[in-house]
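K.L.:
Below: one structure in C-alpha coordinates.
The values are calculated or read from the model by the stated rules, or taken from the named source; none is laboratory data. This is a predicted model, so every value here is computed, not measured. Positions of Cβ are backbone-derived with ideal geometry, glycine not excepted, and every protein chain shown enters the neighbour counts. Please note that ligands, DNA and RNA were not included when accessible areas were found on the heavy atoms of the full protein model with its side chains. Shrake-Rupley method; radii C 1.70, N 1.55, O 1.52, S 1.80 Å.
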Amino acid sequence: MNKSNFTSEQSYINYASYIEKVKRIISVLPDEDALELMKELDSHIFESLHADTSIIISEEERIKTVLDKLGSPESYLAPLIAEKRLTHAIKKYNLVEILKAIFGIFKTGGQYFLLSILYLFTLGFGIVIIAKIFYPQKTGFFVEEGQIIGLGFFSKINAQATDLLGYWIIPLMIILIIIFYLITTYLLRKIVLRKRK
Amino acid sequence: MEKDYISNWIVQFKKCVLPLIILDLLIGKDCYGYLLIVMIKDHTGFDISEGTIYPILNRLHTEGLIEYKWVEQKTGIPRKYYSLTAEGQNTLDLLKQHWNKINATFKI
(Lines give C-alpha, C1' and ligand atoms only; values in the text may rest on other atoms or scores of the structure.)
Protein backbone atom coordinates (compact mmCIF):
# COMPACT_ATOMS: atom_id res chain seq x y z
CA MET A 1 0.00 0.00 0.00
CA ASN A 2 1.08 3.59 -0.43
CA LYS A 3 0.03 7.07 0.70
CA SER A 4 -2.88 7.14 -1.72
CA ASN A 5 -4.54 4.27 0.21
CA PHE A 6 -4.89 6.56 3.25
CA THR A 7 -6.87 9.75 3.75
CA SER A 8 -4.94 10.83 6.85
CA GLU A 9 -1.21 11.58 6.99
CA GLN A 10 -0.90 10.17 10.51
CA SER A 11 -2.54 6.89 9.49
CA TYR A 12 -0.01 6.49 6.71
CA ILE A 13 2.85 7.32 9.11
CA ASN A 14 1.63 4.67 11.59
CA TYR A 15 1.30 2.10 8.80
CA ALA A 16 4.70 3.00 7.29
CA SER A 17 6.40 2.80 10.68
CA TYR A 18 5.01 -0.72 11.24
CA ILE A 19 6.08 -1.79 7.75
CA GLU A 20 9.59 -0.41 8.33
CA LYS A 21 9.84 -2.52 11.48
CA VAL A 22 8.73 -5.59 9.54
CA LYS A 23 11.23 -4.87 6.74
CA ARG A 24 14.05 -4.59 9.29
CA ILE A 25 13.13 -7.90 10.86
CA ILE A 26 12.75 -9.80 7.60
CA SER A 27 15.87 -8.30 5.99
CA VAL A 28 17.77 -11.47 6.99
CA LEU A 29 15.63 -13.51 4.61
CA PRO A 30 16.44 -14.08 0.93
CA ASP A 31 14.88 -11.31 -1.21
CA GLU A 32 12.22 -13.57 -2.71
CA ASP A 33 10.95 -14.73 0.72
CA ALA A 34 11.08 -11.22 2.19
CA LEU A 35 9.09 -9.82 -0.72
CA GLU A 36 6.48 -12.58 -0.50
CA LEU A 37 6.05 -12.05 3.24
CA MET A 38 5.85 -8.29 2.85
CA LYS A 39 3.18 -8.67 0.17
CA GLU A 40 1.14 -11.01 2.37
CA LEU A 41 1.26 -8.76 5.43
CA ASP A 42 0.38 -5.74 3.30
CA SER A 43 -2.59 -7.65 1.94
CA HIS A 44 -3.63 -8.58 5.48
CA ILE A 45 -3.46 -4.98 6.68
CA PHE A 46 -5.48 -3.82 3.67
CA GLU A 47 -8.20 -6.47 4.19
CA SER A 48 -8.39 -5.76 7.91
CA LEU A 49 -8.58 -2.01 7.31
CA HIS A 50 -11.54 -2.40 4.95
CA ALA A 51 -13.22 -5.26 6.77
CA ASP A 52 -15.95 -3.65 8.82
CA THR A 53 -16.56 -0.07 7.84
CA SER A 54 -19.97 -0.04 9.56
CA ILE A 55 -18.21 0.87 12.81
CA ILE A 56 -17.62 4.61 12.63
CA ILE A 57 -14.13 5.35 13.85
CA SER A 58 -11.39 7.55 12.47
CA GLU A 59 -8.90 6.09 10.01
CA GLU A 60 -6.14 6.65 12.56
CA GLU A 61 -7.98 4.60 15.19
CA ARG A 62 -8.77 1.97 12.60
CA ILE A 63 -5.14 1.51 11.50
CA LYS A 64 -4.03 1.45 15.13
CA THR A 65 -6.57 -1.30 15.90
CA VAL A 66 -5.56 -3.26 12.79
CA LEU A 67 -1.88 -3.14 13.70
CA ASP A 68 -2.57 -3.96 17.37
CA LYS A 69 -4.60 -7.00 16.32
CA LEU A 70 -1.85 -8.11 13.94
CA GLY A 71 0.57 -8.02 16.87
CA SER A 72 4.19 -7.19 17.42
CA PRO A 73 6.13 -8.32 14.33
CA GLU A 74 9.08 -9.34 16.50
CA SER A 75 6.99 -12.00 18.21
CA TYR A 76 5.02 -13.59 15.35
CA LEU A 77 7.74 -13.31 12.70
CA ALA A 78 10.55 -14.87 14.77
CA PRO A 79 9.54 -18.55 14.30
CA LEU A 80 8.64 -17.96 10.66
CA ILE A 81 11.98 -16.32 9.88
CA ALA A 82 13.93 -19.03 11.68
CA GLU A 83 12.22 -21.75 9.64
CA LYS A 84 12.54 -19.97 6.31
CA ARG A 85 16.23 -19.25 6.92
CA LEU A 86 16.96 -22.85 7.79
CA THR A 87 14.95 -24.23 4.83
CA HIS A 88 16.73 -21.89 2.45
CA ALA A 89 20.18 -22.62 3.90
CA ILE A 90 19.66 -26.40 3.72
CA LYS A 91 18.51 -26.17 0.10
CA LYS A 92 21.70 -24.30 -0.81
CA TYR A 93 23.96 -26.56 1.29
CA ASN A 94 25.46 -23.33 2.57
CA LEU A 95 27.23 -24.01 5.86
CA VAL A 96 27.52 -20.34 6.82
CA GLU A 97 23.82 -19.77 6.23
CA ILE A 98 22.95 -22.96 8.13
CA LEU A 99 24.99 -21.83 11.11
CA LYS A 100 23.41 -18.37 11.01
CA ALA A 101 19.94 -19.94 10.86
CA ILE A 102 20.69 -22.34 13.70
CA PHE A 103 22.07 -19.48 15.75
CA GLY A 104 18.85 -17.58 15.11
CA ILE A 105 16.85 -20.56 16.40
CA PHE A 106 19.29 -20.99 19.29
CA LYS A 107 18.78 -17.39 20.31
CA THR A 108 15.08 -18.03 20.91
CA GLY A 109 14.87 -21.70 21.93
CA GLY A 110 18.43 -22.01 23.20
CA GLN A 111 17.97 -19.59 26.07
CA TYR A 112 16.62 -22.42 28.18
CA PHE A 113 19.58 -24.60 27.19
CA LEU A 114 21.99 -21.89 28.30
CA LEU A 115 20.18 -21.47 31.59
CA SER A 116 20.30 -25.22 32.17
CA ILE A 117 24.09 -25.05 31.76
CA LEU A 118 24.26 -22.29 34.36
CA TYR A 119 22.15 -24.37 36.76
CA LEU A 120 24.52 -27.29 36.17
CA PHE A 121 27.41 -25.07 37.20
CA THR A 122 25.51 -24.22 40.38
CA LEU A 123 25.07 -27.92 41.05
CA GLY A 124 28.75 -28.49 40.29
CA PHE A 125 29.79 -26.00 42.95
CA GLY A 126 27.71 -27.96 45.45
CA ILE A 127 29.40 -31.19 44.42
CA VAL A 128 32.81 -29.59 45.01
CA ILE A 129 31.76 -28.80 48.62
CA ILE A 130 30.74 -32.43 49.19
CA ALA A 131 33.96 -33.66 47.55
CA LYS A 132 36.02 -31.39 49.81
CA ILE A 133 34.38 -32.86 52.90
CA PHE A 134 34.94 -36.49 51.84
CA TYR A 135 38.13 -36.12 49.79
CA PRO A 136 39.88 -33.06 51.22
CA GLN A 137 43.31 -33.94 49.76
CA LYS A 138 41.95 -34.39 46.27
CA THR A 139 39.64 -31.39 46.16
CA GLY A 140 40.69 -27.78 45.93
CA PHE A 141 42.21 -25.11 43.75
CA PHE A 142 45.51 -26.65 42.72
CA VAL A 143 48.66 -25.06 41.31
CA GLU A 144 51.95 -26.74 40.51
CA GLU A 145 55.15 -24.84 39.77
CA GLY A 146 53.20 -21.65 39.06
CA GLN A 147 50.83 -23.39 36.67
CA ILE A 148 47.15 -23.61 37.48
CA ILE A 149 45.99 -27.22 37.38
CA GLY A 150 42.36 -26.55 38.12
CA LEU A 151 39.54 -26.18 40.59
CA GLY A 152 37.50 -29.18 41.71
CA PHE A 153 37.97 -32.84 42.47
CA PHE A 154 40.99 -34.65 41.01
CA SER A 155 41.25 -38.43 41.38
CA LYS A 156 44.99 -38.24 40.82
CA ILE A 157 46.91 -35.20 41.95
CA ASN A 158 50.68 -34.80 42.18
CA ALA A 159 52.20 -34.50 45.61
CA GLN A 160 53.95 -31.30 44.45
CA ALA A 161 50.65 -29.63 43.67
CA THR A 162 49.48 -27.07 46.20
CA ASP A 163 45.89 -26.39 47.17
CA LEU A 164 45.74 -22.60 47.38
CA LEU A 165 42.34 -22.40 49.06
CA GLY A 166 42.27 -25.30 51.50
CA TYR A 167 38.91 -25.35 53.28
CA TRP A 168 38.23 -21.79 52.14
CA ILE A 169 36.98 -23.43 48.97
CA ILE A 170 33.79 -24.29 50.83
CA PRO A 171 32.63 -20.71 51.58
CA LEU A 172 33.81 -19.69 48.08
CA MET A 173 31.62 -22.38 46.52
CA ILE A 174 28.68 -21.34 48.72
CA ILE A 175 29.06 -17.74 47.51
CA LEU A 176 29.25 -18.89 43.88
CA ILE A 177 26.18 -21.10 44.35
CA ILE A 178 24.19 -18.16 45.68
CA ILE A 179 25.36 -15.80 42.90
CA PHE A 180 24.83 -18.26 40.05
CA TYR A 181 21.46 -19.39 41.42
CA LEU A 182 20.14 -15.86 41.85
CA ILE A 183 21.34 -14.65 38.44
CA THR A 184 20.12 -17.74 36.57
CA THR A 185 16.72 -17.72 38.25
CA TYR A 186 16.35 -13.97 37.61
CA LEU A 187 17.09 -14.52 33.90
CA LEU A 188 14.67 -17.45 33.77
CA ARG A 189 11.90 -15.36 35.34
CA LYS A 190 12.50 -12.60 32.79
CA ILE A 191 12.27 -15.04 29.88
CA VAL A 192 9.12 -16.71 31.21
CA LEU A 193 7.39 -13.41 31.96
CA ARG A 194 8.31 -12.04 28.53
CA LYS A 195 6.88 -15.11 26.80
CA ARG A 196 3.63 -14.82 28.77
CA LYS A 197 3.16 -11.29 27.50
CA MET B 1 -0.47 -18.53 40.02
CA GLU B 2 -3.51 -20.56 39.01
CA LYS B 3 -4.55 -17.85 36.53
CA ASP B 4 -1.06 -17.91 34.96
CA TYR B 5 -1.19 -21.69 34.62
CA ILE B 6 -4.60 -21.64 32.98
CA SER B 7 -3.74 -18.80 30.60
CA ASN B 8 -0.51 -20.57 29.61
CA TRP B 9 -2.46 -23.80 29.08
CA ILE B 10 -4.94 -21.98 26.82
CA VAL B 11 -2.09 -20.49 24.75
CA GLN B 12 -0.50 -23.94 24.30
CA PHE B 13 -3.87 -25.51 23.49
CA LYS B 14 -4.56 -22.95 20.77
CA LYS B 15 -1.07 -23.46 19.29
CA CYS B 16 -1.73 -27.18 19.14
CA VAL B 17 -5.21 -27.06 17.69
CA LEU B 18 -4.95 -24.16 15.21
CA PRO B 19 -3.29 -26.19 12.39
CA LEU B 20 -6.16 -28.69 12.59
CA ILE B 21 -8.74 -25.89 12.52
CA ILE B 22 -7.04 -24.20 9.54
CA LEU B 23 -6.89 -27.43 7.54
CA ASP B 24 -10.55 -28.09 8.33
CA LEU B 25 -11.59 -24.60 7.25
CA LEU B 26 -9.86 -25.09 3.91
CA ILE B 27 -11.99 -28.12 2.95
CA GLY B 28 -13.59 -27.43 -0.39
CA LYS B 29 -12.62 -23.77 -0.53
CA ASP B 30 -9.67 -21.43 -0.96
CA CYS B 31 -9.09 -18.82 1.74
CA TYR B 32 -6.69 -15.96 2.26
CA GLY B 33 -5.00 -15.24 5.58
CA TYR B 34 -7.31 -12.52 6.90
CA LEU B 35 -10.42 -14.49 5.96
CA LEU B 36 -9.05 -17.53 7.81
CA ILE B 37 -8.60 -15.43 10.94
CA VAL B 38 -12.18 -14.17 10.73
CA MET B 39 -13.46 -17.73 10.23
CA ILE B 40 -11.36 -19.02 13.15
CA LYS B 41 -12.80 -16.33 15.42
CA ASP B 42 -16.36 -17.06 14.22
CA HIS B 43 -16.10 -20.84 14.51
CA THR B 44 -14.09 -21.16 17.71
CA GLY B 45 -14.38 -17.87 19.58
CA PHE B 46 -10.57 -17.92 19.83
CA ASP B 47 -9.14 -14.48 20.25
CA ILE B 48 -5.73 -14.89 18.66
CA SER B 49 -3.04 -12.40 17.75
CA GLU B 50 -3.62 -12.26 14.00
CA GLY B 51 0.04 -12.43 13.04
CA THR B 52 0.38 -15.85 14.65
CA ILE B 53 -1.48 -17.45 11.75
CA TYR B 54 1.36 -16.77 9.32
CA PRO B 55 4.01 -19.02 10.88
CA ILE B 56 1.36 -21.78 11.03
CA LEU B 57 0.47 -21.30 7.34
CA ASN B 58 4.17 -21.30 6.49
CA ARG B 59 4.69 -24.57 8.37
CA LEU B 60 1.65 -26.21 6.74
CA HIS B 61 2.97 -25.12 3.35
CA THR B 62 6.49 -26.39 4.07
CA GLU B 63 4.98 -29.75 5.06
CA GLY B 64 3.13 -29.88 1.76
CA LEU B 65 -0.32 -29.82 3.38
CA ILE B 66 -1.46 -26.59 1.75
CA GLU B 67 -0.56 -24.68 -1.38
CA TYR B 68 -1.20 -21.12 -2.41
CA LYS B 69 -1.76 -18.80 -5.33
CA TRP B 70 -1.83 -15.05 -5.61
CA VAL B 71 -5.04 -13.58 -7.06
CA GLU B 72 -5.13 -10.01 -8.29
CA GLN B 73 -7.98 -7.89 -6.93
CA LYS B 74 -9.76 -4.83 -8.32
CA THR B 75 -8.41 -2.90 -5.33
CA GLY B 76 -4.90 -3.43 -6.65
CA ILE B 77 -3.83 -5.32 -3.50
CA PRO B 78 -3.61 -9.04 -4.37
CA ARG B 79 -4.76 -11.82 -2.04
CA LYS B 80 -2.82 -14.98 -1.25
CA TYR B 81 -5.32 -17.82 -1.39
CA TYR B 82 -4.51 -21.10 0.37
CA SER B 83 -5.99 -24.49 -0.44
CA LEU B 84 -5.62 -28.05 0.80
CA THR B 85 -3.35 -30.42 -1.09
CA ALA B 86 -4.19 -34.12 -1.37
CA GLU B 87 -1.65 -34.81 1.37
CA GLY B 88 -3.26 -32.09 3.45
CA GLN B 89 -6.64 -33.78 3.10
CA ASN B 90 -5.16 -37.15 4.14
CA THR B 91 -3.41 -35.60 7.11
CA LEU B 92 -6.58 -33.80 8.14
CA ASP B 93 -8.52 -37.08 8.03
CA LEU B 94 -5.95 -38.71 10.32
CA LEU B 95 -5.89 -35.75 12.71
CA LYS B 96 -9.67 -35.85 12.92
CA GLN B 97 -9.57 -39.56 13.70
CA HIS B 98 -7.18 -38.87 16.60
CA TRP B 99 -9.29 -35.96 17.78
CA ASN B 100 -12.52 -37.99 17.71
CA LYS B 101 -10.83 -40.91 19.48
CA ILE B 102 -9.71 -38.67 22.33
CA ASN B 103 -13.13 -37.06 22.47
CA ALA B 104 -14.84 -40.44 22.60
CA THR B 105 -12.59 -42.09 25.16
CA PHE B 106 -11.72 -39.23 27.49
CA LYS B 107 -14.73 -37.68 29.18
CA ILE B 108 -14.15 -34.60 31.33
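K.L.:
Can you pull out the chymotrypsin sites (Phe, Trp or Tyr not before Pro) in the range B:1-63 whose DSSP state is coil and whose Cβ has at most 15 other Cβ atoms within 10 Å?
P.N.:
Here the chymotrypsin sites (Phe, Trp or Tyr not before Pro) that fit, given the DSSP loop and packing criteria, are B:PHE46.
K.L.:
Could you tell me whether the range A:3-71 comes out rounded, prolate or oblate from its Cα gyration tensor? Rule is a ≥ b ≥ c as square roots of the eigenvalues, rounded for a/c under 1.5, then prolate if a/b exceeds b/c, otherwise oblate.
P.N.:
It is prolate, given that a/c is not under 1.5 and a/b is the larger ratio.
K.L.:
Rank A:HIS50, A:ILE19, A:ILE117 by how far each Cα sits towards the positive end of the charge dipole of chain A (+1 on Lys, Arg Cβ; -1 on Asp, Glu Cβ) and give me just the farthest.
P.N.:
A:ILE117
K.L.:
Per-residue Cβ counts within 10 Å, from other chains only, averaged over B:57-64: what number is that?
P.N.:
Per-residue shielding by partner chains comes out at 2.
K.L.:
Additional query: From Cα pairs below 8 angstrom and at least 6 apart in sequence, can you work out the relative contact order of the range A:3-71, rounded to a whole percent?
P.N.:
Once divided by the residue count of the range A:3-71, the mean separation gives 46 percent.
K.L.:
Related question: What distance in nm separates the simple spin-label points at A:MET38 and B:ALA104, each placed 7 Å from Cα in the Cβ direction?
P.N.:
Spacing of the two 7 Å Cα→Cβ label points: 5.1 nm.
K.L.:
Shifting gears a bit: Would you calculate a helix-derived [θ] at 222 nm for chain A, using -39,500 (n - 2.57) for each DSSP H run of n ≥ 4 and dividing by the full residue count, to the nearest 500?
P.N.:
-24500 deg cm²/dmol
K.L.:
Chains B and A: buried accessible surface, both sides, probe 1.4 Å, rounded to 100 Å²?
P.N.:
Chains B and A together bury approximately 2100 Å².
K.L.:
For chain B, what are the per-bin percents of Cα-Cα distances with bins 5 Å wide, up to the bin holding the maximum?
P.N.:
2, 11, 19, 21, 19, 13, 7, 4, 2, 1, 0
K.L.:
Based on Cβ point charges of +1 for Lys and Arg and -1 for Asp and Glu, what charge dipole magnitude is obtained for the protein assembly as shown about its Cα centre, in debye rounded to the nearest 20?
P.N.:
Dipole size: approximately 740 debye.
K.L.:
Once label points are set 7 Å from the Cα along Cα→Cβ at both B:ILE6 and A:LYS21, what is their separation, rounded to one decimal in nm?
P.N.:
Label-label distance for B:ILE6 and A:LYS21, simple model: 3.1 nm.
K.L.:
Okay, next question. Pairs of alpha-carbon atoms within less than 8 angstrom and 6+ residues apart define the contacts here; what relative contact order does chain A have, in percent?
P.N.:
16 percent
K.L.:
DSSP H helices in chain B with Cα extent of 24 Å or more along the helix axis and mean Kyte-Doolittle hydropathy at least -0.5?
P.N.:
Correct list, ordered by number: B:2-25.
K.L.:
How much length would be gained if the chain were fully extended between A:GLN160 and A:LYS190, taking 0.36 nm per residue of separation minus their Cα-Cα distance, in nm to one decimal?
P.N.:
6.1 nm
K.L.:
Under the definition of Cα pairs under 8 Å and six or more residues apart, what whole-number percent is the relative contact order of the range B:1-88?
P.N.:
Relative contact order of the range B:1-88: 31 percent.
K.L.:
Putting +1 on Lys and Arg Cβ atoms and -1 on Asp and Glu Cβ atoms, find which of B:ILE102, B:THR75, B:ILE53 reaches farthest to the positive end of the dipole of the range B:2-105.
P.N.:
B:THR75
K.L.:
Could you tell me how many degrees, from 0 to 90 and to the nearest 10, lie between the Cα long axis of helix A:73-92 and the main elongation axis, the longest principal axis, of the Cα atoms of chain A?
P.N.:
Approximately 80 degrees, to the nearest 10.
K.L.:
How far is the Cα center of the range B:3-32 from the Cα center of the range B:72-108, in Å?
P.N.:
Between the Cα centre of the range B:3-32 and that of the range B:72-108, the gap is 10 Å.
K.L.:
Which of the pairs B:LYS41/B:LYS96; B:LYS15/B:LYS101; B:LYS41/B:LYS101; A:LYS3/B:LYS80; A:LYS3/B:LYS14; B:LYS29/B:LYS101 have their Cα atoms more than 28 Å apart in this structure?
P.N.:
Going by Cα-Cα distance, A:LYS3/B:LYS14 fall outside the 28 Å limit.
K.L.:
Sticking with this structure for a sec: Convert each backbone phi in the range A:19-35 into a coupling constant with the Karplus relation 6.51 cos²θ - 1.76 cosθ + 1.60 (shift: θ = phi - 60°), then list the ³J(HN,Hα) values in order as whole Hz, x for Gly and Pro.
P.N.:
Working through the residues one at a time gives 5, 4, 4, 4, 4, 4, 5, 8, 5, 7, 7, x, 3, 4, 5, 5, 5 Hz.
K.L.:
A further question on this structure: Please report, in debye to the nearest 20, how large the charge dipole of chain B is about its Cα centre when each Lys and Arg carries +1 at its beta carbon and each Asp and Glu carries -1 there.
P.N.:
80 debye
K.L.:
Right, something else. Show me the trypsin sites (Lys or Arg not before Pro) within the range B:11-70 that DSSP assigns to loop and that have at most 12 other Cβ atoms within 10 Å of their Cβ.
P.N.:
Answer by residue number: B:LYS29.
K.L.:
Continuing with the same structure: Note down the magnitude of the dipole of the range A:118-196 about its Cα centre, charges +1 on Lys and Arg C-beta and -1 on Asp and Glu C-beta and zero elsewhere, to the nearest 20 debye.
P.N.:
760 debye
K.L.:
Follow-up question, since we're still on this one. Using only the alpha carbons of chain A, what is the convex hull's orientation-averaged projected area in square nanometres?
P.N.:
About 17.6 nm², averaged over all directions.
K.L.:
Still on this structure, please answer the following. Which GluC sites (Glu not before Pro) in the range B:54-108 pass both tests, a DSSP loop state and at most 10 other beta-carbon atoms within 10 Å?
P.N.:
B:GLU72
K.L.:
Please work out, to two decimal places, the log10 of the ratio I(q)/I(0) at q = 0.15 Å⁻¹ from a Debye calculation in which every Cα of the range A:118-196 carries one identical scatterer.
P.N.:
Taking Cα atoms of the range A:118-196 as identical point scatterers yields -0.58.
K.L.:
Can you tell me the 0 to 90 degree angle between the C-alpha axis of helix A:59-70 and the longest principal axis of chain A, rounded to 10?
P.N.:
40 degrees
K.L.:
Now for a different question. Simple spin-label model, 7 Å along Cα-to-Cβ: B:THR75 to A:LEU115 in nm?
P.N.:
Simple spin-label model gives 4.1 nm for this pair.
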